[in-house]
Amino acid sequence: GTLILVTNGVYDTGGRVVYGAMTNRVAVTKAVVVQSVNGPAGTVIQGYPVNGDSAVRCVYLTNNAVLIGFTLTNGGTRMAGDINQEQSGGGVWCASTNATVANCLVINNSAWLGGGSYSGVLNNCTLTGNSASQNGGGSYYGALNNCTLNGNSTAWYGGGCYYSNLKNCALTRNSASQSGGGSYYGALNNCTLTGNTASSIGGGSYYGTLNNCTLTDNSAWLGGGSYYGVLNNCIVWWNVASSS
């Protein structure tokens, strides 16, 4: 419950291993609130942007820890070890959905799963330019509220997000080499999906439940807007499928 205030600066040295051999630039291992004084523009946590043994993830959050007002950038993960704890969440790794990230910019991070974030609750965050070697370019297995996911990518499934629950989010120009350019296997409420692409299936979304969403200008080989999902009270227009 303690509040820790962090002054302006670029935090790009040092690190701590919490599990296996994965180094975290900042490791929050107690249920405390870590908050910047002046927001993400002036307070940057920078990892080391490779996927391998020398990678440094930006932030590790334990259960009930809270991170507010940072830019998390250039984080990476290992390509060996535990797939969930050492190969996931280049920007931020959350021990469970009880960890919270708020008012943060998550930019240009990479991982095997969840290039930008892994698990946790993200509120009022922007995830941009993150990538995953497998699933979840922007976010993997998280709950996102009032967030923007833009220009994230994955080699497999879920360019914007994978297996995530989204409310009032905007997914724009995310891409997947396989399926789910915007979202793969998630629940989306009051979201917009615009200009997302998948080389194979589901340009906007694949295998999800969408309520009160708008899908526009998405494209794929099968299902330009949406493929194999449940859509309630949605608008699906100006999407393109090269096959069907």
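The values are calculated or read from the model by the stated rules, or taken from the named source; none is laboratory data. Everything numeric here is computed off the predicted structure, so don't read it as measured data. Methodologically, a virtual Cβ is constructed for each residue, glycine included, from the backbone with ideal geometry; neighbour enumeration extends over all protein chains shown. These area figures cover heavy atoms from the full protein model, side chains too; ligands, DNA and RNA do not enter into them. Shrake-Rupley method; radii C 1.70, N 1.55, O 1.52, S 1.80 Å.
Odds and ends about this structure:
- With each label modelled as a point 7 angstrom along the Cα→C-beta vector, the Asp53-Trp238 pair spans 5.1 nm.
- Phi-derived couplings, Karplus 6.51 cos²θ - 1.76 cosθ + 1.60 at θ = phi - 60°, listed residue by residue for the range 121-135: 10, 10, 10, 6, 10, 10, 10, 9, x, 8, 9, 10, 6, 10, 10 Hz, with x used for Gly and Pro.
- Relative contact order, percent, the range 90-244 [alpha-carbon distance under 8 Å, six or more residues apart]: 13
- In sequence order, calculated HN-Hα J values of the range 25-37 (Karplus, 6.51, -1.76, 1.60; Hz; x Gly/Pro): 4, 10, 10, 9, 9, 10, 6, 10, 9, 10, 9, 6, 6
- Per-peptide packing, taken as the mean over residues of other Cβ atoms within 10 Å, places 96-102, 232-238, 110-116 in the sequence 110-116, 96-102, 232-238 from highest down.
- Here the Karplus relation 6.51 cos²θ - 1.76 cosθ + 1.60, evaluated at θ = phi - 60°, turns the backbone of the range 204-210 into coupling constants of x, 8, 10, 6, x, 10, 10 Hz, with x for every Gly and Pro.
- Using the 1.4 Å probe convention, the accessible area of the chain works out to 39 Å² per residue with neighbouring protein chains retained.
- Surface composition of the chain: carbon plus sulfur atoms hold 49% of the accessible area, using a 1.4 angstrom probe and ignoring ligands, DNA and RNA.
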